[in-house]
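What follows is one structure encoded as C-alpha cells, with my remarks underneath.
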Amino acid sequence: MSAEARLRDEIVLHGRSLYERGLTPGSSGNISVRLDDGMLATPTDSCLGRLDPARISRLDAAGKHLSGAPPTKEAFLHLAMYRGRVEARAVVHLHSTHAVALSCLADLDPADALPPITAYYVMKIGRLPLVPYHRPGDGALAEAVGARARDHRAILLANHGPVVSARDLDSAVAAIEELEETARLFFLLRGSVIRMLTEAQVRDLEQVFPS
Ligand SMILES: [Zn+2]
C-alpha cells in the first residue's frame, strides 16, 4: 500500500471514530493531512462517519483542487495552519459541543481561552488563542489563523470551534479530543472554586515537554 493510500485510510478511520463518539455531528468538521506537494482533505458537505478513501480531496500546496470530490469549504483554515507551522503534518477542525460552547463565552481571555486545568491539556494543547468571529468563508479568517499558528498548535474560533495541528494525524486527533474533554471539565467545574495549575507549573511543563 502506498503512503498516500495509508493516509487516506487513516483519515477514514479517524473520521468514523470521531463521528461515532458524537464529536463531529452532521456534516460538520474536517480533517487534512499534509503531503510533500500539497494536502489531502475531507470533501465538502461530507459526514466524517461515512468517508470514502477514493473521494478524499487532493489539493496542491496553494490549495488548488486537483482530484477527488471538491474539498471542504474550510480548507483555507488548514492551509493557514500549515503555512504558520512548518512541522505540522495534520490538522483537525471540529464543531464538538463543549469546545464550541466555550468559544461562545463572552468573557474569554483572547490570548488563552481555556485555563490550565490539567497537565495533559497543557502538554497536548498549550495556550489556546481565540480568533474573533468571522463569517464562514471570510478570507480575513485565514489571515487571523495564520498569524496565531506560528506560536500555537491549536486555535479557537469564536462562536465556531477549535482547529488543532500536530506532527501526524493520530496526535492531532488525540490533541483535539483532549481539548474537547478539557472544555467539558471546565463547564463541569464552572461555579466551583478551581485549583488551576499555577504559571510556574505551566512553565515547568512547557520546558519538560516542549511542543
Ligand atoms: Zn467549522
Residues of the range 15-29 with backbone nitrogen within less than 19 Å of a virtual label 7 Å along the Cα-to-Cβ line of Thr44, please, listed as ranges. 26-29
Let me test this: with uniform point scatterers at the alpha carbons of the chain, what is the Debye-based log₁₀ I(q)/I(0) at q = 0.11 1/Å? -0.48
Contour minus Cα-Cα span, Arg167 to Glu87, at 0.36 nm per residue, comes to 28.2 nm
For the chain, what does the helix formula give at 222 nm: sum of -39500 (n - 2.57) over DSSP H segments with n ≥ 4, over the residue count, nearest 500 deg cm²/dmol? -12000 deg cm²/dmol
Quick calc, Arg150 & Asp36: beta-carbon distance into FRET formula, R0 22 Å, rounding 0.05, result 0.55
State, to one decimal in nm, how far the label point of Ala54 lies from the label point of Ile194, with both points 7 Å from Cα in the Cβ direction. 4.7 nm
How much length, in nm to one decimal, is gained on full extension between Tyr120 and Leu66, taken as 0.36 nm per residue of separation minus their Cα-Cα distance? 15.6 nm
Whole-percent carbon and sulfur share, accessible surface of the range 1-105, 1.4 Å: 55 percent
Length gained when the stretch Asp9-Ala111 is fully extended (0.36 nm per residue, less Cα-Cα span): 33.1 nm
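The values are calculated or read from the model by the stated rules, or taken from the named source; none is laboratory data. Source: prediction; values computed, not measured. FYI the Cβ positions are ideal-geometry reconstructions off the backbone, even for glycines, and counts take in every protein chain you see. Areas reflect the complete protein model, heavy atoms only, side chains present, ligands, DNA and RNA absent. Shrake-Rupley method; radii C 1.70, N 1.55, O 1.52, S 1.80 Å.
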